[in-house]
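The structure under discussion appears below in the form of structure tokens.
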Protein chains: 2
Amino acid sequence: MKLRDLGEFPFLHRLRERLPADPRVLLGVGDDCAAVALPGTTVLTTDAMIEGVHFRREWTTLTMLGAKAFAINASDILAMGGDPTFALLSLGVPQETEVEDLDAFFEGFLRAASDCGAALIGGNMSAAPCLMISVTLLGQTVHGVLARAGARVGDDVYVTGTLGDAALGLRMLQEGRSDAAAEQVKARFLCPTIRFAVSRELAARHLAHAMIDVSDGVLQDLGHLCAASRMGAVIDAPSLPLSESYQTLLGKNQWNTALTGGEDYELLFTAAQDQRETIGQLAQTSHCPITRIGHIVAQAEGLTVRGPDGTPLTVARAGFDHFRQDRK
Amino acid sequence: MKLRDLGEFPFLHRLRERLPADPRVLLGVGDDCAAVALPGTTVLTTDAMIEGVHFRREWTTLTMLGAKAFAINASDILAMGGDPTFALLSLGVPQETEVEDLDAFFEGFLRAASDCGAALIGGNMSAAPCLMISVTLLGQTVHGVLARAGARVGDDVYVTGTLGDAALGLRMLQEGRSDAAAEQVKARFLCPTIRFAVSRELAARHLAHAMIDVSDGVLQDLGHLCAASRMGAVIDAPSLPLSESYQTLLGKNQWNTALTGGEDYELLFTAAQDQRETIGQLAQTSHCPITRIGHIVAQAEGLTVRGPDGTPLTVARAGFDHFRQDRK
């Protein structure tokens, strides 16, 4: 059934029936606003996905798309050391959209939210020329806010998971490749992993000095962290965590995509050197790779990437800007 | 200068410099998330405006568009008896957009926010095929949440301002008319008034039993209020507040547009009969017309519109649904 046949209000009524009861929500979907109590410090983020810009319908199921729309926002909350709590969803939907597709989108979104303990409390839906998804996510920081500022000279720089897979996955989707390695990195682009356990432990045990999520490429995001901390940093390229698929597709010693590729949604953080053992244990207990990729230096030394012989590497393109003409 | 020449990050850096300092904001634009403390009960809403669906660039200045993007969200917060506090802005922007136009948009948005005491604390910007604006607005309800539910049998039904002007203004824009009356109603569509003073007093003095904002037509929105309150209502058509321009353009005794036209963003509320004098005084002190348009009855009696002779009127179209095929 198409949405224009069902109508907006009947769809929203059905949706409301699907939302689980949540004692934290004083007033949920169905009034002019949601109402909640938000004790302590609340962190808030908003991020959007637009058809033709961030995704194509033929690349992804709507369930995966819903999960990703939640994940890219959760990533920002986790990067502050926060627990996702409440989500609002603003949808622009073409009139021809199948109700079943929208149902699948909500299924993916709500499951991802529920996995993190978050509830959908509000939103809106309107007609649009293409599918447009804008999410606002709130989180609670029980153990204090873990900002980008806070890195100190001598800190180790760590990153979760592997780098560059999502950018490579996007390229494979664009090129229509479907060998095993291509499928692996495509999945990394379409279904980013939410690093919930790592973020929670880093925050609860005050292990990290500064944190950011890697959404625009590790080089650019480490640059943001350094700028906020008034620090510089050295990345050791050979220590960058590259997946097997990445190495199969690009070969060894090809760090450029890992350094500059967007949408990895991994966590990048700095910690004191004497925490190395603790962080090694955290990687084990959370079943999430955590790799030391460099260290923090004084601001005057800038941000450098070192190659295998220790000399600085030149990096082709420093991350992603939606609007610059030099965008490839 | 075009946005693609300036780039996303330089634009955001410039924007950050423009945001006024706000002691309530622990961490504002420029980290992964904003961070704020939100004591008491927080109300939240999100609403979007999409080029070609909600507006056309040739109809409006970008400053007016920014102000309206804030206003339509503020309207939801006020309808809960809340004070707007913090806003997040998710923008989809075509690459060809002039930086000056974006500046104008932010000027209108920030001025409207500042007029209500609200601060912009976060957002995102991405490329898009058309201009897309999604706002999330938070508010604080110091005096309790004023929900849609709460109307009682015998309550008077009130509405602020005049009805139907925005829908008529949209029609004038579509038809390209520019006589004086047309200009007046166009302005009502492009620049909705934020009924801040009325909402504040209604909440602070616990005058209203239930409230909603009129965004989909008073008949449909009163229907929502009645459904949430498990009540019915009678509207007396001759008492509907019609502007002079409305009467000039449509003639007298033409209530259909006032009953079903969207985007008025007026407040609709119910109150006990013994509050009539107090509400009359509130209209005076807040310099905002408040008109009694009907009363609440038992749910079984449904929702009726009465004509001048007291007999029920048939209304052509009961409000607005983005997706129904019968949309005109």
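The values are calculated or read from the model by the stated rules, or taken from the named source; none is laboratory data. Given the structure is predicted, the values throughout are model-derived calculations rather than measurements. Reconstructed Cβ throughout: ideal geometry from the backbone, glycine too, with neighbour counts over all protein chains shown.
Side notes on the structure shown:
- Residue within region A:199-221 that is surrounded by fewer than 20 Cβ atoms within 10 Å (Cβ to Cβ) and among the hydroxyl-bearing types (Ser, Thr, Tyr) present: no
- Residues (part of a loop (DSSP other than H, G, I, E, B), within 24 Å of B:MET211 (Cα to Cα) and facing another protein chain (nearest Cβ under 7 Å)) located in region A:1-35: A:ASP32, A:CYS33
- So B:GLY40, is it assigned to a helix (DSSP H, G or I) and over 12 Å from the mean Cα position of the chain (by Cα): no
- Of the numbered criteria (1) more than 7 Å from every other protein chain (Cβ to nearest Cβ); (2) within 24 Å of the chain's Cα centre (by Cα); (3) at positive phi; (4) small (Gly, Ala, Ser), the one B:GLY52 fails is (1).
- Qualifying residue in region B:25-44 (condition: within 23 Å of B:THR160 (Cβ to Cβ) and either assigned by TED's automatic domain parsing to the domain that holds B:ALA167 or not polar (S, T, N, Q) (or both)): yes
- Here A:PHE105 meets the list (1) buried (at least 23 other Cβ atoms within 10 Å of the Cβ); (2) more than 7 Å from chain B (Cβ to nearest Cβ); (3) farther than 19 Å from A:PRO192 by Cβ almost entirely, failing just condition (3).
- The number of residues in region A:36-49 being more than 20 Å from A:VAL25 (Cβ to Cβ) and either more than 7 Å from chain B (Cβ to nearest Cβ) or among the β-branched types (Val, Ile, Thr) (or both) comes to 1.
- Residues (of a type in the set (A, V, I, L, M) and either free of Cβ contacts under 8 Å to residues at least 60 places away in the same chain or at the interface with another protein chain (Cβ under 9 Å from one of its Cβ atoms) (or both)) located in region B:55-72: B:LEU62
- Any hit, region A:181-204, residues being in contact (Cβ under 8 Å) with a residue 40 or more places away in the chain, over 22 Å from A:PHE55 (Cα atoms) and over 21 Å from the mean Cα position of the chain (by Cα): no
- Scanning region B:158-195 for residues that are touching a helix residue (DSSP H, G or I) at 6+ places or on another chain (Cβ under 7 Å) and among the β-branched types (Val, Ile, Thr) gives B:VAL159, B:THR160, B:THR162, B:VAL185, B:ILE194.
- Among helices (runs of 4 or more DSSP H) entirely within region B:105-218, having at least 2 residues that are in contact with a Leu (Cβ under 7 Å, 6 or more places away or on another chain) and closer than 20 Å to B:THR45 by Cβ singles out B:196-204.
- Taken residue by residue, region A:269-280 has no member that is surrounded by fewer than 22 Cβ atoms within 10 Å (Cβ to Cβ), over 21 Å from A:THR314 (Cβ atoms) and in contact with a helix residue (DSSP H, G or I) (Cβ under 6 Å, 6 or more places away or on another chain).
- Out of A:THR248, A:THR260, sole residue that is under 18 Å from the mean Cα position of the chain (by Cα) and within 29 Å of A:ARG177 (Cβ to Cβ): A:THR260
- Looking at A:ALA258, A:ALA227, just one residue is assigned by TED's automatic domain parsing to the domain that holds A:ALA203, farther than 14 Å from A:MET211 by Cβ and crowded, with 24+ Cβ neighbours inside 10 Å, and that residue is A:ALA258.
- Of all residues in region A:95-102, one or more are more than 13 Å from chain B (Cβ to nearest Cβ) and either surrounded by fewer than 24 Cβ atoms within 10 Å (Cβ to Cβ) or outside any loop (DSSP other than H, G, I, E, B) (or both).
- Residue count for region A:114-135, restricted to those that are farther than 18 Å from A:LEU12 by Cα and either β-branched (Val, Ile, Thr) or crowded, with 19+ Cβ neighbours inside 10 Å (or both): 2
- Of everything in region A:132-173 that is of a type in the set (A, V, I, L, M), under 28 Å from A:ARG205 (Cβ atoms) and touching a Gly at 6+ places or on another chain (Cβ under 6 Å), the residue that is farthest from the other protein chains (Cβ to nearest Cβ) is A:VAL157.
- Unmet criterion (only one of (1) surrounded by fewer than 16 Cβ atoms within 10 Å (Cβ to Cβ); (2) among the small types (Gly, Ala, Ser); (3) within 12 Å of chain B (Cβ to nearest Cβ); (4) not in a strand (DSSP E or B)) for A:SER75: (1)
- Cβ-Cβ distances below 6 Å connect no pair with a first residue in region A:115-131 that is more than 11 Å from chain B (Cβ to nearest Cβ) and without any contact (Cβ under 8 Å) to a residue 60 or more places away in the chain, a second residue that is assigned to a loop (DSSP other than H, G, I, E, B) and among the aliphatic types (A, V, I, L, M), and a separation of six or more residues or different chains.
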